[in-house]
């Protein structure tokens, strides 16, 4: 129960942070990448502010904590190699981000806000996410696949 | 730079960092939205409910916050339905292939000093910039 409530609160604070930061307004995302127009550096301050909190907490936790409060162990990415999938997948994501002005978090929280554009984008995004994961599951069940499906789902974040 | 919001964006960023730090300390998880959403479809026993609850929290934040501050959800750019559908599909598929999005790679990954996430962030920032250049300079801002 507390795990579920905690996760809900995490999503809630994350979503409010996105709105306060202005990241639920696609014009501000487009503005960050519009070097030849009305430039808006806000996105850098959002990422900077988030990393400023997260980096020291992460460093402290992985060095001194045996385990997280509600789970038996930390579930953290382990891969270190740079592969083509990482670069190409991210490149595909960037095209959609620049085209729609939404990345996954802002899109979903804007659906909650009743935005028609976010709903159209978000529905297509879930088709992409779900379709890809179902494709992976199908391929794994055919080939025997990785035993640790959870690790496969959470490669980096 | 008339729309630049350094103070509000920094405060919002701190809130995002606090939420991500909380998910790490309490759940031991990376706060990557695309990874959390992708995992829902993998249906690993015992690994679904926290994901669904986090995503519901995200939706609830939009629902509640927009009641008081509807202007925070204005789109502000001209995008056709086909463009939004293509954008949504590429974001959905791209984040699953690339293993993360702005939160998982851009915030948590760079915060972990991960080389993979830094490379991923450079990659999606570069193609986002090229796409915005194309949309604004070739199509005049309306796609």
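When the convex hull of its Cα atoms is viewed from all sides, segment A:2-153 shows a mean projected area of 11.7 nm². Between B:54, B:124, B:63, the residue with the greatest mean-square fluctuation in the GNM of chain B (Cα pairs under 10 Å linked by springs) is B:63.
Kirkwood Rh over Cα pairs of segment B:27-133 into Stokes-Einstein at 10 °C, 1.306 mPa s: D in µm²/s? D, rounded to a whole number, is 101 µm²/s.
Here the average projected area of the convex hull drawn through the C-alpha atoms of the protein assembly as shown stands at 14.3 nm². What separates the Cα centres of segment B:25-41 and segment A:75-119 is a distance of 13 Å.
Highest mean packing first, where packing is the average number of other Cβ atoms within 10 Å per residue, the peptides A:36-49, A:90-103 line up as A:90-103, A:36-49.
When the alpha carbon gyration tensor of segment A:35-93 is reduced to an equivalent ellipsoid, the three semi-axes, largest first, read 31, 21, 9 Å. Once the chain from residue A:38 to residue A:83 is taken as fully extended at 0.36 nm per residue, the excess over their C-alpha distance is 12.7 nm.
Peptide A:135-144 shows a mean partner chain C-beta count of 1 within 10 Å per residue C-beta. Only Cα sites of segment B:77-143 enter the Debye sum here, all with the same form factor; the resulting log10 I(q)/I(0) across q = 0.17, 0.25 1/Å is -0.68, -1.04, listed in q order. When you count the other C-beta atoms within 10 angstrom of each residue and take the mean per peptide, B:10-22, A:72-84 line up highest first as B:10-22, A:72-84.
Bear in mind these aren't lab numbers, they're just calculated from the coordinates by the rules spelled out. No experiment lies behind these values; they were computed from the predicted model shown. Positions of Cβ are backbone-derived with ideal geometry, glycine not excepted, and every protein chain shown enters the neighbour counts.
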